[in-house]
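Peer 1: Questions regarding the structure given below will be posed in turn.
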Amino acid sequence: MSALNVISIQRGCIYDGPGVRTTVFLKGCPFSCSWCCNPEAFSGKEYYIDNQKCLKELGVYSLLCESCERKGGARSIIECPFSVCAPIAKRYDSEDLLKELLKDNSLFEQSGGGVTLSGGEPLLQWKPLVPLLSELKAANIHVSIETTLYMRDKQIVEHLIPYIDEWIVDLKLQKEHTKEDYFYVLHSNLGLLRESMSRIAYRLVYVETLQAEKVISQLQDLGINAFELLKCHSLAKSKYDKLGMPFMDYTPSDTAYNVFYRKMLEAGLQIVKHEI
Amino acid sequence: MKRKIKEIIKKATSGALRLKIRTYQKAFDRMSIWDALFKYHCYYDKLPGSLSSANLMAKIIGRSDICLAHGFIYTYDPTKTRLVRAGVEPLTSITPDYALIINSDLREIMHSLPERRGDNSDFIGTLHIVTKAIEDKARAISEQQYEDVRYEAMAKRLPDLLYRDCQSLVEAIQKILFYNGLLWQVGHRHVGLGRMDLVLYPYYKKDVEANRLNYEQAKGLLKEMCLLLGKDSPIKSLNLIGDSGQYIILGGIDKNGKNTDNELTRMFLELFEELRIPDPKLIFRVNEETPMDTWKRSIRCLANGCGSPLFMNETLIMENMVRFGYRNEDVWNVGTSACWEPLIIGKSSDQNNPFISILACNALKKALTEMEDELDYGGLLQLVKRNLAEETRSVVVDKDYDYSPIMSLFNESCIRSGKDFAHQGSDYMYQGAQLLGLPNLVNSLLNIKKYVYERGLVSLGMCREIVQTDYENHLDIKQLFKSANDKKFGLCDEDVLRLSQELIGTVSETIGKLTANGHNVKFGLSSPSYISRGKVASATLDGRNAGEPFAVHISPLSSTIDIAEVLDFASSLSYPVNCLNGNVVDYVIPPVYLNNSDKLVPILRDAFKKGLYQLQLNVYDRATLIDAKLHPEKYPTLVVRVWGFSAYFNDLPEEYKDNLIARAGEYECA
Ligand code: SF4
């Protein structure tokens, strides 16, 4: 059975669904938003390289560096004893992952929480996810999935519906996205979820290029009248550095964020604000 | 012979002189110049426990001024202090049973004293002298003239209060303050306050039923009491300002096993949320039945930045106390010494922090110098354990303690047995030790295992050199030891847990065979001296430089370990029965949790259910602390929790400020 490619497992999460949650971030994403706080999900790279730890960069001599490729030696930096190189993802088979998730079973019970699958785009790993999901179902653990819902194959979504207690749909309304069939796919998948009476929540990351009027009409088209508005932040900068990717700060001004928020309210939308 | 005697006298005087100089220095540091120069006086007690000592106490009580503030009369005058002879330890961190004090009748207590015989003559004599001093004090207060009618009325009632139960909340608070002041006055330190919600509730209830008082008025009275107790915080504090041991314990079960969760519990939490004062402070006894609403209130209180409350897992602690030797029928009234060390309120004269801490890393340092290079890792670990046992044995020593006639008055077994509270009279006098720097030792050993034995990247010779030269010429290894190893203390990993458990086990086993002053000894994993001992300790193999602080209690040293992980780790440790002298996880919590108390509460509840011992949460963020260090004037009320006590950030020495900033940074990354 193929394994799950996991970027990280975060316990004690309080924003990704009801109660206290363990969020599993899965690798892979069809989008590559420039403000993404998990760029490792789509970077295509396998390792972080933390040059702040590299002794050569720091100007500290070490005998242990002598055989390193950075010093003209034969040893790949993947082998760096100072952990300059760290794998981005770890492969889990569903059994091991389940064991990890069950650590917080009593906390899930106490808080009404559960597991949230996020990413990247978790739907991309739907196949190896299924056995995990069925185990979670059997253990009676609440499962949320944070997804763009951009999955052309409707059957996949359909297949997952019985396992998922809550769909958190991350809306890609920013003009930077260029997937031509995005709205078509979203519409059709949302239709499926609605038909099956699935519980759906919506999220939108606020960046300044979002135009309130356009967003309002898009939301109307999609039949959405409540969503969480997430203020974009710059906490992922060090990850971009470690991936060797250029970082652009999309953090909006408070004024722009609040103006947008007010316009949404005026349009009769219900909004929960999240600022970090 | 003469020379010898001279030498002895010289030694004794110099000790006394040193003690006096230190006391005066503290007075100058922490009092107004006027008070320190013209009013401060310390009375030197050469013979604690004797009649002359009791007479000295009586003299101090008689000569000290009273303080009229916040509507109450407080019998503590910080300008008069009793100093016990060098070589005698002042009685520290004791909590009287105020429930007993409030309804006490001094005459009845004196009547129930045993016959005066040869062996109890001094004890009974000291009690008579001190009781008379107490009565005289109350009378003198009542005969004084007061401009304010409130004080006048209170003063008039005072002599009578000594011989009867209190009739109202005001009286109960006044009687507490009267005796609490006297305990400070005669030279006891860290006088705890105990379970104020439980103790005061019946008096509040009586008032409310008689329509004499409402919720807000009662809250006002508690506020005045807290402000008055905190008024002399600098001079009451031992090493750092704020470290006065004035703990109010909330919650927990009562004698019948029912949870204390009354209106006063709520009142105290609300008060501390509103007041933001560092002294007194709160400890919350939690169990599975602690109501959600009370939890949430506690979180709100914490979120406000007052550093209170610290949480303790009473179920686990009481269980271990019984297994250690405390009586089952007593443990419901568990309190703590100054910071977090459990004791029985009113019944324990346990001295829980009298020894220097067992410095865990010394065991490895010594092993490195002793060992042959051929020794394998298992052999090294054995050697470390042997040394740790030796280090443990070396710190636990017999000590000469001060006497306490006042505490004896309010302890039935002292009265019955005719012995002083601190000298075989109290029900319990277990002694407590502390293990310092366990996380540093664990990380050092994990590094040696991985980099010396498994990967052969570092030699044992290098390790020795590092300890001696403070990583000179080995900056690369410092980096390796500090941040490259993925196994580290705080990680809920089998190897890490096993190693930690083995080391704890070694100390436990050793301590189990030791006694101090003839009493069994317990130990804890939380030592307050992580900065002071760190200052003079050489480098350790976890990447810590010489002079840097050791880890705080059982908190992780690494930024990659988040709250879920560390709580899991601390809950997974099994605490041996005698490991009950405080095991605190001290964590700087990201503010987002505090704004979501309905989600934080289950996280904490779950951790306690799984076996977490004690938890101290701090909420400051790094940026604020840095700014506060640079611009103290902007943050006059910034309170932080330091080692079980809270203090104004501005009052802390620079190295403590730096330590807090560094730790806030670590945890923010998590
Ligand atoms: S071994 Fe590591 S630290 Fe040394 S030069 Fe290579 S990458 Fe840098």
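The values are calculated or read from the model by the stated rules, or taken from the named source; none is laboratory data. All values derive from a computational prediction rather than experimental measurement. In this analysis, Cβ positions are derived from the backbone assuming ideal geometry, glycine residues included, and neighbour counts consider all displayed protein chains. Calculation scope for accessible area: heavy atoms of the full protein, side chains included, ligands and nucleic acids excluded. Shrake-Rupley method; radii C 1.70, N 1.55, O 1.52, S 1.80 Å.
Peer 1: Within 10 Å of each Cβ in peptide A:46-56, how many partner chain Cβ atoms are there on average? Round it to a whole number, please.
Peer 2: 1
Peer 1: I need the calculated FRET efficiency for the pair residue B:110 and residue B:630, taking r as the beta carbon distance and R₀ as 60 Å, to the nearest 0.05.
Peer 2: Result of the calculation: an efficiency of 0.55.
Peer 1: On C-alpha positions alone, give me the angle between the axis of helix B:196-209 and the longest principal axis of chain B, in degrees, nearest 10.
Peer 2: Taking the Cα atoms of chain B, the angle to B:196-209 is about 40 degrees.
Peer 1: Under the definition of partner shielding as Cβ atoms of other protein chains within 10 Å of a residue Cβ, what is the mean value for peptide B:481-494?
Peer 2: The shielding value for this peptide is 1.
Peer 1: Compute, for chain B, the length of the dipole vector about the Cα centre, with Cβ point charges of +1 (Lys, Arg) and -1 (Asp, Glu) only. Units Debye, rounded to 20.
Peer 2: Using only the charged Cβ atoms, the result is roughly 1980 debye.
Peer 1: To make sure I understand the rule: partners must be lysines, Cα under 26 Å from the Cα of residue A:231, and not fewer than 8 residues away in the same chain. Which ones qualify?
Peer 2: Excluding near neighbours in sequence, the set is A:27, A:172, A:175, A:179, A:214, A:239, A:242, A:263, A:273, B:599.
Peer 1: Something else: Could you give the nm distance between label points at residue A:274 and residue B:662, where each point is 7 Å from its Cα heading toward the beta carbon?
Peer 2: Going from the residue A:274 label point to the residue B:662 one covers 3.5 nm.
Peer 1: Moving on to the next point. Net charge near residue A:141, counting Lys/Arg +1 and Asp/Glu -1 over other residues with Cβ under 11 Å of its Cβ?
Peer 2: Surrounding charge for residue A:141 is -2.
Peer 1: To continue, here is another question. Quick one: work out Rg over Rh on the C-alpha atoms of chain A, Rh as Kirkwood radius.
Peer 2: Ratio of gyration radius to Kirkwood radius for chain A: 1.01.
Peer 1: Go ahead and run the numbers for FRET between residue A:158 and residue B:300, Cβ-Cβ distance against an R0 of 60 Å, rounding to 0.05.
Peer 2: Working from the Cβ atoms, E equals 0.85.
Peer 1: Also, quick follow-up: Out of every Cα pair in chain B, what percent are spaced more than 47 Å from each other?
Peer 2: In whole percent, the long-distance tail amounts to 17.
Peer 1: Label residue A:3 and residue A:57 with points 7 Å out from Cα along Cα→Cβ: what is the distance between them in nm?
Peer 2: It is 2.7 nm.
Peer 1: What figure in square angstrom, to the nearest 10, would you give for the accessible area of residue A:77 with a 1.4 Å probe?
Peer 2: Rounded to the nearest 10, that gives 20 Å².
Peer 1: Still on this structure: Whole-Hz Karplus ³J(HN,Hα) for the range A:125-137, in order, using 6.51 cos²θ - 1.76 cosθ + 1.60 and θ = phi - 60°, x for Gly and Pro?
Peer 2: Result, ordered by residue: 9, 4, 4, x, 6, 3, x, 5, 4, 6, 5, 4, 4 Hz.
Peer 1: Hey, another quick one. Give me the angle, in degrees from 0 to 90, between the Cα long axis of helix A:212-222 and the longest principal axis of the Cα atoms of chain A, rounded to the nearest 10.
Peer 2: Rounded to the nearest ten degrees, it is 70.
Peer 1: Determine the dipole magnitude for the range A:207-276: charges of +1 sit on the beta-carbon of Lys and Arg, -1 on that of Asp and Glu, nothing else is charged, the reference point is the Cα centre, and the result goes in debye to the nearest 20.
Peer 2: 180 debye
Peer 1: Okay, next question. Hey, how much of the P(r) for the protein assembly as shown falls beyond 58 Å, as a percent of Cα pairs?
Peer 2: For the protein assembly as shown, the share of Cα pairs beyond 58 Å comes to 18 percent.
Peer 1: Return one number: the angle in degrees, 0 to 90 and rounded to the nearest 10, between the long axis of the Cα atoms of helix B:263-275 and the longest principal axis of the Cα atoms of chain B.
Peer 2: 70 degrees
Peer 1: What's the center-to-center distance, using Cα atoms, between the range B:396-462 and the range B:614-639 in Å?
Peer 2: Measuring centre to centre over Cα atoms gives 31 Å.
Peer 1: Percent of accessible area on the range B:120-215 owned by carbon and sulfur, 1.4 Å probe?
Peer 2: Carbon and sulfur: 50 percent of the exposed surface of the range B:120-215.
Peer 1: Could you name the lysines in cross-link range of residue B:535, using Cα to Cα under 21 Å and dropping any fewer than eight places away on the same chain?
Peer 2: The reachable lysines, counting only those whose Cα sits under 21 Å from residue B:535, are B:365, B:366, B:478, B:482, B:629, B:657.
Peer 1: How much accessible area does residue B:469 have with a 1.4 Å probe, in Å² rounded to the nearest 10?
Peer 2: 50 Å²
Peer 1: Return a whole-number percent for the relative contact order of the range B:160-247, with Cα pairs under 8 Å and 6 or more residues apart as the contact set.
Peer 2: Normalised by residue count, the contact order of the range B:160-247 is 36 percent.
Peer 1: Let me ask something additional. So what's the back-of-envelope 222 nm ellipticity for chain A, counting only DSSP H runs of four-plus at -39500 (n - 2.57) apiece and dividing by all residues, rounded to 500?
Peer 2: Here the helix-only value at 222 nm equals -9000 deg cm²/dmol.
Peer 1: For the range A:1-71, go through all pairs of different Cα atoms, get the mean of 1/r, take its inverse, and jot down that Kirkwood value in Å.
Peer 2: 15.7 Å is the Kirkwood radius here.
Peer 1: From other protein chains only, count the Cβ atoms within 10 Å of every residue's Cβ in B:599-607, then give the mean.
Peer 2: Mean partner shielding for this stretch: 6.
Peer 1: Just to be sure I understand: if you take the accessible area of chain B alone plus chain A alone and subtract the pair, with a 1.4 Å probe, what total do you get in Å², rounded to 100?
Peer 2: Buried area between the two chains comes out at roughly 2000 Å².
Peer 1: Among DSSP bridges having both ends in the protein assembly as shown, what percentage is antiparallel? Round to the nearest 5.
Peer 2: 30 percent
Peer 1: Antiparallel DSSP bridges in chain B: what percent, to the nearest 5?
Peer 2: Taking every DSSP beta bridge with both residues in chain B, the antiparallel ones total about 30 percent.
Peer 1: How high is the relative contact order of the range A:1-65, in percent, counting Cα pairs under 8 Å that sit 6 or more residues apart?
Peer 2: Over the range A:1-65, the number comes to 21 percent.
Peer 1: Accessible area per residue for the protein assembly as shown in Å², computed with a 1.4 Å probe and the full protein assembly in place, what is it?
Peer 2: 41 Å²
Peer 1: Relative contact order, percent, of chain B when contacts are C-alpha pairs under 8 Å separated by at least 6 residues?
Peer 2: Once divided by the residue count of chain B, the mean separation gives 14 percent.
Peer 1: Something else about it: Magnitude of the Cβ-charge dipole of the range A:46-105, K/R +1 and D/E -1, about the Cα centre, nearest 20 debye?
Peer 2: The dipole magnitude comes to about 260 debye.
Peer 1: Taking the Cα centre of each part, how many Å lie between the range A:187-244 and the range B:256-279?
Peer 2: Cα centroid to Cα centroid, the span is 43 Å.
Peer 1: Loop-only check: which GluC sites (Glu not before Pro) in the range B:218-314 are DSSP coil with at most 15 other Cβ within 10 angstrom?
Peer 2: Answer in residue order: B:288, B:289.
Peer 1: Same structure again: Calculated FRET efficiency, residue B:377 and residue B:509, Cβ-Cβ r, R0 22 Å, to nearest 0.05?
Peer 2: 0.55
Peer 1: Divide by every residue of chain B the summed helix terms, -39500 (n - 2.57) for each DSSP H run of at least 4, and state the resulting mean residue ellipticity at 222 nm, rounded to the nearest 500 deg cm²/dmol.
Peer 2: Calculated at 222 nm, the ellipticity per residue is -14500 deg cm²/dmol.
Peer 1: Using alpha carbons only, how many angstrom separate the centre of the range B:15-81 from the centre of the range A:115-148?
Peer 2: 68 Å
Peer 1: Then there is this: Any idea of residue A:106's accessible area? Nearest 10 Å², probe 1.4 Å.
Peer 2: Residue A:106 has an accessible surface of roughly 40 Å² with all protein chains in place.
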